[in-house]
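Written out below as structure tokens is the structure these notes cover.
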Amino acid sequence: MEWKPDRLHDKPIYKQIVEYIEYRIFNGEYPPGSLLPSERILAKELNVNRSTVVTAYEELRASGLIISKQGSGTRVSPFLAENSKERVPNWNRYVVGGSLLPNIPLIRRILKEALNKDLIDLATGELSPDLFPQAQFQQIIKTGNFNFHLGYENPQGNFQLRETIANHVKKYKNIDATASSILITSGAQQALHLIVQCLLKPGDSIAIEDPSYCYSLPIFKSVGLKVHLLPVDQNGVNPDDLLTLHKKHRLRMIFLNPTFQNPTGVSLHPERRKKILDIAAKYGIPIIEDDPYTLTAFEQEPFPTLKSMDPYGIVLYISSLSKIVSSGLRIGWITGPQRVINRLSDAKQQIDFGHSIFSQWIANEFLTSPYFHEHINQLVLELKKRRDAMVSSIKNYLHDHVEFFIPKGGIHMWCKMKTPIHEEKLLETALNYGVIFVPGSALGTKKGYVRFTFGRAYEDTIEEAIFKFSEAFYNLANKT
Ligand SMILES: Cc1ncc(COP(=O)(O)O)c(C=O)c1O
């Protein structure tokens, strides 16, 4: 076989083998029913590990293109023949054809690796299991009185939960909302999706922060938006940059995560908040305030939410219980003008007929119980301890190789590696040392950054995680 996989290509070798065999099948070189080389022989011919060919054949089998039978080897599916009554669709063409783009390969890799329980996880953007209110939820389930009907819920969300959230946002974020101006969503993520899909159209220009959680999301490009970047400094985004960007591109929407931002941990300064609101109001640009972290403030009161400072009605406010109670509960919400909420509720009905009544019920019970306040107080203490453990471990093991901002809330730390280093190679090396993190290039355009999520690691593993990371870093830095 003349063809060989390209080892320098970004595409994994097994994938190249899959595509090569697919090509030969559809080209007629491997007709339906024909015998393929055994895994061992193909591995030898291609000069790759047998396990790589095993993975490639597994994928081809899963897509129905080949079949393997004990004793008679691996063959191209006979159902691919023209005169066969059964036809196997080419799933690979379908999976690249949909309108929602896949996650970028780096994110897919992190999501896959993070499932490995042997790694210390500084990558997944959620709380560690011991920070969830497990016992309180068990208690609610045991003693609570779930008497809702089991049919479809109102697609806008359960009325009682919406009333509770209206009280919650008033109490904790000084936001005026009513049950009818709130839509319950499947996390903040679905709120972002609904906004992008229902309120914007292909070709619209939007601004997001650089770096940001939004940067990692394919949804904006999936719907054909033009994404412009607002650099984040220690006080958040700069209103002057926003003005310049708007004058150049006529922005249709601005997405901000102004408090304890993911990944930088910084909060938009109140003066900048005011200026940004004024600019947005002057030019009539809606602001999406994505605010999952405000309640995690470690020291003083967090800055006021943009929504609470908005006299114009230009802010759509998103939040969720993911970073403070449970990410698995999938409870998020949007509050904004009635017409917008109605439009998004209609879309939510089309997508999933409304949110699960069971998770809405338990969220309502928890938010209205004394547990909630106690839990937040405890959570903040725990997160602060982890932040402190991470700061001192970084100082101990990485010394002045790293520059970082000490966040006053949230769950993430954003670190700049002062020694030039290839972040993705650093990830590969760190995985071998037993720790996973997010390379900065998944979250923004700046080179040489890494995101550590201190909220995800158990307190007693943080030092070990940073030690392992530092070993990986020194190992790689010494080679370059
Ligand atoms: C800023 C920000 N927005 C939204 C989300 C989505 O969270 P969820 O859908 O779990 O509420 C995340 C998750 O990491 C986030 O960091």
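The values are calculated or read from the model by the stated rules, or taken from the named source; none is laboratory data. Bear in mind the structure is a predicted one, so any value in this text is a computation, not a measurement. When we count neighbours, we look across all protein chains shown, and the Cβ atoms used for this are built from the backbone with ideal geometry, even at glycine. Surface accessibility is based on the protein's heavy atoms, side chains included, excluding ligands, DNA and RNA. Shrake-Rupley method; radii C 1.70, N 1.55, O 1.52, S 1.80 Å.
Data for the structure
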item	result
Yes/no for Tyr293 being touching a residue at least 60 places away in the same chain (Cβ under 8 Å), within 14 Å of the ligand (Cβ to nearest atom), open to solvent by less than 60 Å² (accessible area, probe 1.4 Å) and under 30 Å from Met390 (Cα atoms)	yes
Filter result for the condition that a residue is open to solvent by 90 Å² or more (accessible area, probe 1.4 Å), within 37 Å of the chain's Cα centre (by Cα) and modelled with pLDDT of 90 or more, over Arg40, Arg50	Arg50
Only one of Lys247, Lys274, Lys282 that is in a helix (DSSP H, G or I) and in contact with a helix residue (DSSP H, G or I) (Cβ under 7 Å, 6 or more places away or on another chain)	Lys274
Matching residues in the range 1-36 - criterion: being open to solvent by less than 50 Å² (accessible area, probe 1.4 Å) and either free of Cβ contacts under 8 Å to residues at least 12 places away in the same chain or on the phi > 0 side of the Ramachandran plot (or both)	Gln16, Arg24, Gly28, Gly33
In the range 429-480, residue most open to solvent (accessible area, probe 1.4 Å) [restricted to those that are touching a Lys or Arg at 6+ places or on another chain (Cβ under 9 Å) and part of a strand (DSSP E or B)]	Tyr449
Test: residue in the range 234-242 that is away from the ligand (no atom under 16 Å from the Cβ) and without any contact (Cβ under 8 Å) to a residue 24 or more places away in the chain	yes
Subset of the range 213-233 [more than 16 Å from the ligand (Cβ to nearest atom), in contact (Cβ under 8 Å) with a residue 60 or more places away in the chain and small (Gly, Ala, Ser)]	Ser222
Yes/no for Asn154 being farther than 30 Å from Thr305 by Cβ and open to solvent by 50 Å² or more (accessible area, probe 1.4 Å)	no
Among (1) open to solvent by 60 Å² or more (accessible area, probe 1.4 Å); (2) out of contact with any Pro (no Cβ under 7 Å at 6 or more places or on another chain), the one test that Asn174 misses	(2)
Selection status of Ile288, open to solvent by 10 Å² or more (accessible area, probe 1.4 Å) and β-branched (Val, Ile, Thr)	no
Residue match in the range 202-211 (condition: open to solvent by 10 Å² or more (accessible area, probe 1.4 Å), in a helix (DSSP H, G or I) and in the same structural domain as Asn262 (by TED's automatic domain parsing))	no
Inter-residue pairs, beta-carbon under 9 Å, first among the acidic types (Asp, Glu) and within 7 Å of the ligand (Cβ to nearest atom) and in the range 188-199, second at pLDDT 95 or above and not in a helix (DSSP H, G or I), 6+ apart	none
Unmet criterion (only one of (1) buried (at least 20 other Cβ atoms within 10 Å of the Cβ); (2) closer than 24 Å to Ile436 by Cα) for Leu115	(1)
Count - residues of the range 167-187 that are within 14 Å of the ligand (Cβ to nearest atom) and touching a Phe, Trp or Tyr at 6+ places or on another chain (Cβ under 8 Å)	3
Helices (runs of 4 or more DSSP H) (entirely within the range 303-419) containing at least 1 residues that are under 18 Å from Phe260 (Cβ atoms) and either open to solvent by less than 10 Å² (accessible area, probe 1.4 Å) or modelled with pLDDT under 95 (or both)	370-398
Selection from the range 315-332 of residues that are within 17 Å of Leu183 (Cα to Cα) and either of a type in the set (A, V, I, L, M, F, W, C) or in contact with a Gly (Cβ under 6 Å, 6 or more places away or on another chain) (or both)	Val315, Leu316, Ile318, Ser320, Leu321, Ser322, Leu329, Arg330, Ile331, Gly332
